[in-house]
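The values are calculated or read from the model by the stated rules, or taken from the named source; none is laboratory data. Because the structure is a prediction, the values reported are computed rather than measured. FYI the Cβ positions are ideal-geometry reconstructions off the backbone, even for glycines, and counts take in every protein chain you see.
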Amino acid sequence: MAGFSLQDERGFNQIFVPIGSTPFRASRRYAWFVAEANRIGAQRILELGCGAGDAAARVAAETGAEVVAVDLSETFLEHARATHALPNLRFEKLDLLADDIGRLGRFDLVFGNGILHHLVVRLNDVLNALHSLSNPDGGLAFIEPNLLNPYCAFIFGTHVGRRFAKLEADEMAFTPSQLHRALPQAGWHDVAVATRDFLLPGLPEGLVRPILAMEPALEATLLTRWLAQSHFISARA
């Protein structure tokens, strides 16, 4: 199930092991990032919290854009460099809360998969920093956990869940209203928060097709959409 993951040097869970539903779930998320990059014609792209580098490699391969992918964990970066060698892709170590992110230059798109909720205590500072390094009308694309989803509410909102998931002390999922407030305050406009995805990571493969069959109906109705697992967030600088 979703509790199985790969840990960083500090012992915190950061990357889901690719079992069951996880590879398909990850692949369609990467496809969304590719679509967002193509939608705005991004030529230079930054990924925050790249982990093992799979998303960055997919975006670099399918867009042809220059992709700079950063992470705090040297363990993950070593794996990413060894696994993904593309001429338009490079991996760098960066602490978003301590290092000068401006040294990376300016970008047409900044994206990340489940990274902003690690930075919630300084979310305004991070969003402002990302805005400052974005080219005029550059884009932002993030996928973040929905605090209203029952599983996420358990993991993030209870002591038992946080211990089970080995969360960092400051990790916290978002409600849609929090995101709709935070992004405009940092200068982002055309903010869109689409709450969707009922496919949890780590589910048995036999459950993938039934969930996918039900998902469009669940996402189409306000009564159930708010229960989805993730927020797909986009905005322009």
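Some points to look at:
- Residue match in the stretch 2-15 (condition: part of a strand (DSSP E or B), at pLDDT below 95, of a type in the set (Gly, Ala, Ser) and within 21 Å of residue 197 (Cβ to Cβ)): yes
- Restricting attention to the stretch 151-183 and to residues that are surrounded by fewer than 19 Cβ atoms within 10 Å (Cβ to Cβ) and of a type in the set (Asp, Glu), the residue that is modelled with the highest pLDDT turns out to be 170.
- In the stretch 55-82, residue nearest to residue 93 (Cα to Cα) [restricted to those that are surrounded by fewer than 20 Cβ atoms within 10 Å (Cβ to Cβ) and acidic (Asp, Glu)]: 74
- Screening the candidates 208, 191 for the property of being surrounded by fewer than 19 Cβ atoms within 10 Å (Cβ to Cβ) and in a helix (DSSP H, G or I) yields one hit, 208.
- Filtering 186, 228 for residues that are touching a helix residue (DSSP H, G or I) at 6+ places or on another chain (Cβ under 6 Å) and surrounded by 15 or more Cβ atoms within 10 Å (Cβ to Cβ) leaves a single hit, 186.
- Residue in the stretch 91-108 that is of a type in the set (A, V, I, L, M) and part of a strand (DSSP E or B) present: no
- Restricting attention to the stretch 136-177, the residues that are of a type in the set (A, V, I, L, M), outside any helix (DSSP H, G or I), more than 19 Å from residue 111 (Cβ to Cβ) and touching a residue at least 12 places away in the same chain (Cβ under 8 Å) total 4.
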